[in-house]
1. Quick check on my filter: what residues within region 248-260 are at pLDDT below 90 and in contact with a Lys or Arg (Cβ under 8 Å, 6 or more places away or on another chain)?
2. Are any residues in region 142-157 in contact (Cβ under 8 Å) with a residue 60 or more places away in the chain and of a type in the set (A, V, I, L, M), and if so, which ones?
3. Given the options ARG148, ARG157, name the one that is closer than 22 Å to TYR90 by Cβ and either among the hydroxyl-bearing types (Ser, Thr, Tyr) or crowded, with 18+ Cβ neighbours inside 10 Å (or both).
4. Across region 86-113, what is the number of residues that are surrounded by 17 or more Cβ atoms within 10 Å (Cβ to Cβ) and out of contact with any Leu (no Cβ under 7 Å at 6 or more places or on another chain)?
5. Tell me the strands (runs of 3 or more DSSP E) entirely within region 158-250 that contain at least 3 residues that are small (Gly, Ala, Ser) and touching a residue at least 12 places away in the same chain (Cβ under 8 Å).
6. Could you list, in sequence order, all residues of region 251-261 that are over 21 Å from ILE125 (Cα atoms), hydrophobic (A, V, I, L, M, F, W, C) and in contact (Cβ under 8 Å) with a residue 40 or more places away in the chain?
7. Does SER136 satisfy the criteria of being among the small types (Gly, Ala, Ser), in contact with a Phe, Trp or Tyr (Cβ under 6 Å, 6 or more places away or on another chain) and surrounded by 14 or more Cβ atoms within 10 Å (Cβ to Cβ)?
8. Take the conditions buried (at least 17 other Cβ atoms within 10 Å of the Cβ), among the polar types (S, T, N, Q), within 28 Å of LEU175 (Cβ to Cβ) and in contact with a Gly (Cβ under 9 Å, 6 or more places away or on another chain) and apply them to THR77. Does it pass?
Amino acid sequence: MKISAVSTAARATAAFTMIEIAISLAVIGFALVAIIGVMPIGMNTQRDNREETIINQDAAVLVSAIRNGARGYDELTNYVTAITNYWADYDAQTNPPALGVNWYTYGAAGGRMPSGANVPSDFGISNGFRIVGLLSTPKYVGLGGGFRSNYVTASVRALSGLAAEKSPQDNPDVLGGAFGYRMIVENQPLPSNDGLTPFGKQLTNNLRDLRLTFRWPLSAQGRVGNGRQSFRTTIGGDVIRTNDLGHPLYFFEPRAFAFAP
């Protein structure tokens, strides 16, 4: 009986004190605060990696379409919502340039129209032919005794990514929240230090520098975030001009070369 009494007393006193419990809760609290503080960083990193992956995949598709002068890529109408060309005309004198903005869209989801933009009512980006032709516009185009400087941008919903955001999805709320970006297209001759010899003239006339700059994410109000990445490639061949309803379109011809006198 004495042994049983001693054992019962020992079991009655074997417990955590309030101080020990408070210390344990404090340690757990510090650990939870650290974990909660790290979670947003991890989620932001995952989001950034996903967006960069989408940009890399889309850039490969768009560079290929422009470089090869694609004519029937009508799938682009599901993703390119607006194309804007900020242009300036310079004459042979030193007069101030004439400035203008051409804004092309397809439907009402084209984004925010630039102030003072010219919106051709008879020419929407309703097929891949027009989209690629506008995106391939050279940065500098000759105009008689002067030239026109073009700054071409496009508002694009991601070609890759979540399947729920892709065609035939037509819910405006889903499309409005889809990941998008602004793409700046620069198509210009590749500078050459040998532009005076016959070989240098041919090289300059048939070698182009294509650069696509992506800015993301693109909001429904037209604002862009801090994401930025550029892709650059050199294209050999001629750039031909054609017209659709009086609007100039340009296409790369990698298998054709122009003669420079």
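1. Residues satisfying the conditions are PRO254, ALA260.
2. Of everything in region 142-157, those that are in contact (Cβ under 8 Å) with a residue 60 or more places away in the chain and of a type in the set (A, V, I, L, M) turn out to be VAL152, ALA154, VAL156.
3. It is ARG148.
4. Total meeting the criteria: 8.
5. 224-236
6. Across region 251-261, the qualifying residues are PHE257, ALA258, PHE259, ALA260.
7. Answer is yes for this residue.
8. So THR77 fits the description; yes.
The values are calculated or read from the model by the stated rules, or taken from the named source; none is laboratory data. All values reported here derive from a predicted model rather than from experimental measurement. Note that we place each Cβ from the backbone using ideal geometry, even for glycine, and neighbour counts take in every protein chain shown.
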